[in-house]
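See structure below.
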Amino acid sequence: MALRAGVSIGTASGVFRSNSSVSDKARAAVLAAASEIGYHPRRRVTRTLPNGVTAIGLLARAQHYVGPSNPFYGPVLYGAQVATGELGLSLVLETLRDDVEAGELPLSVERRQVQGLLVVGTVSDDYLHALLKSRVPCVLVDHQPDTSPIDSVCADDHRGGYLATKHLIQLGHRTPPPAMISGPPWSTSVSSRLAGYRRALVEEGLSIDPAYIREGHFTADSGRQEMAALLDLPVPPTAIFCCNDNLALGVIDLLRERGVVVPDECSVVGYDDIAMAAHSVPQLTTIAVDKELLGMQAVWNLIQRIGSPRLGIRETRIGVELVERHSASLKRIPA
């Protein structure tokens, strides 16, 4: 229904919870879509909760909370708040310090204020092992380590990297192949997107040239820096897949500064579909992640984990889709 209405899962949910922050236009679209498919909302009631569950914690680094430098996680946190509110639960937010020691547990866990914990973003294996030893039920959000048996909820980043790269290849960007500006190698979402990029190239019979793969840092400044390095190659790329939208916006800014027209002379595809993506010049083609659903699904999985601790470890992937706008187009053949 949310897809039919052209809104996020969280916005659709807000309509049926009478959330005043939902715009009249979005509300009308959701109600029309609900009427078309005969949808009637089911209210989540607190009696479905395991006994004794009153609060869950959410642990994230300072940069993951709402702020202009990181527009991805704000909607994730909002989705978690929506889900806990519907369940009648309290959500206790804590900040994970960069210098935290492996055995140092969140205060809400030490003081037994929460019955489960959401851990948002990348954390060290040592810290995850400490959480496991504490026996607090946990769900990781946007992180999926190989070494720790903990439930996780992530976007389908392998498919996202594949869709972005395949799109650029289908637009004719084959020689040279599309370049990629990735992120820090310790990020499991980055490694999955990179694997999808490589898969698309191999499927199309294109070589994987390390010179066209740059390691960035999720910021617009990093996008500018890595794009400058790509332009210095003997044969600069005519298409760039960026591992997040901040990188892509920095790439577009640098190309504009260098007099390279997007998309006529260089196509750019981002990742995440943050709010700014639809308002950049040109509007950014990107891979959309339902960020609110990431937070919601993590809460639902955590409640199930608390109630059924013997469940097998679950790796939940949220679907992604390509959103075509104006920053990528057919490759132009020089006259």
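The values are calculated or read from the model by the stated rules, or taken from the named source; none is laboratory data. The structure presented is a predicted model; accordingly, all values stated were derived computationally and were not measured. Cβ atoms come from the backbone with ideal geometry, glycine included; neighbour counts cover every protein chain shown. Remember, those area values only see protein heavy atoms, side chains included, never the ligands or the DNA or RNA. Shrake-Rupley method; radii C 1.70, N 1.55, O 1.52, S 1.80 Å.
General remarks:
- Complete set of residues in the range 159-192 that are of a type in the set (Val, Ile, Thr) and either open to solvent by 20 Å² or more (accessible area, probe 1.4 Å) or farther than 18 Å from residue 286 by Cα (or both): 175, 188
- Of all residues making up the range 205-235, the number that are surrounded by 14 or more Cβ atoms within 10 Å (Cβ to Cβ) and more than 26 Å from residue 256 (Cβ to Cβ): 1
- Residue check for residue 39: at pLDDT 65 or above, open to solvent by 60 Å² or more (accessible area, probe 1.4 Å), in contact with a helix residue (DSSP H, G or I) (Cβ under 8 Å, 6 or more places away or on another chain) and part of a loop (DSSP other than H, G, I, E, B): yes
- Positions within the range 42-64 being modelled with pLDDT of 65 or more, part of a loop (DSSP other than H, G, I, E, B) and loosely packed, with under 15 Cβ neighbours inside 10 Å, in sequence order: 51, 52, 54
- Close Cβ contacts (under 8 Å, 6 or more residues apart or on different chains) running from residues in the range 77-95 that are farther than 18 Å from residue 108 by Cα and β-branched (Val, Ile, Thr) to residues that are open to solvent by less than 10 Å² (accessible area, probe 1.4 Å) and modelled with pLDDT under 95 comprise 82/10; 82/14.
- Criterion: outside any helix (DSSP H, G or I), among the aliphatic types (A, V, I, L, M) and either in contact with a Leu (Cβ under 8 Å, 6 or more places away or on another chain) or surrounded by fewer than 17 Cβ atoms within 10 Å (Cβ to Cβ) (or both) - qualifying residue of 114, 100, 109, 139: 139
- Residues that are part of a helix (DSSP H, G or I) and either more than 11 Å from residue 60 (Cα to Cα) or open to solvent by 40 Å² or more (accessible area, probe 1.4 Å) (or both) within the range 77-97 comprise 78, 79, 80, 81, 82, 83, 84, 85, 86, 87, listed in sequence order.
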